[in-house]
């Protein structure tokens, strides 16, 4: 049975953030708000939690999961970023964008796209997500909270609790979120390629 934390969206309570980080460190999956939809997150290096997360979403290992990072410097540890990509990221992070970049060796092989060795990364502009990332001191692995067989994301914490309370360890109620997922931009080619139009303005990348 999952726990349910009411966390202030602008001034997250340090005690609850610490408890949430402990749940993730112990192998838990957490539903948390971002600057787009709610997301499911777990520890980057927890194979069991990652497999559970994929089962809940109903996706296989070809589906890009996303690294939620604190800032640009953390992105550069997990992805190869050239000058052009850096300028684009500097202008658009934090924000409701997921960018596809070439993964470095810091990313476990099972998490990067099997044929392309790429990874999706984002820097969320959300106080709760940022506080949790700071407490953990490392990125979170996440995915938009869309249940298997559904098209729309879950954005109501009570509804998330109702659907997932027996499958995840914690639901963070941080208030209402956008119904739109992130805009996904592939930066691995010559230009920026729009893969999914979401909340973010793709024209900022020239896509």
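What follows is calculated from the coordinates using simple rules that are stated; it is not laboratory data. These figures come from a predicted structure and were not determined experimentally. Positions of Cβ are backbone-derived with ideal geometry, glycine not excepted, and every protein chain shown enters the neighbour counts.
Odds and ends about this structure:
- Option label - mean projected area of the Cα convex hull in nm² computed here, alternatives (1) 10.8; (2) 10.2; (3) 14.1: (2)
- Value of relative contact order over the stretch 117-207, rounded to a whole percent, pairs C-alpha under 8 Å and six or more apart: 16
- Per-peptide packing, taken as the mean over residues of other Cβ atoms within 10 Å, places 32-39, 17-24 in the sequence 32-39, 17-24 from highest down.
- Within the stretch 3-205, percent of DSSP bridges classed antiparallel, to nearest 5: 60
- Per residue, the average separation of C-alpha pairs within less than 8 Å and at least 6 apart gives the chain a relative contact order of 33 percent.
- Inter-part distance where the stretch 64-133 and the stretch 183-207 are each reduced to a Cα centre, Å: 14
- Label reach from residue 152 (point 7 Å along Cα→C-beta): in the stretch 180-204, amide nitrogens under 13 Å belong to 180-181.
- Note: relative contact order over the stretch 15-55, using C-alpha pairs below 8 Å and six or more positions apart, is 29 percent.
- Neighbour counting of Cβ atoms within 10 Å sorts the residues 45, 60, fewest neighbours leading, into 60, 45.
- Only DSSP H runs of four or more residues enter the estimate; each adds -39500 (n - 2.57), and after division by the residues of the chain the mean residue ellipticity at 222 nm equals -8000 deg cm²/dmol.
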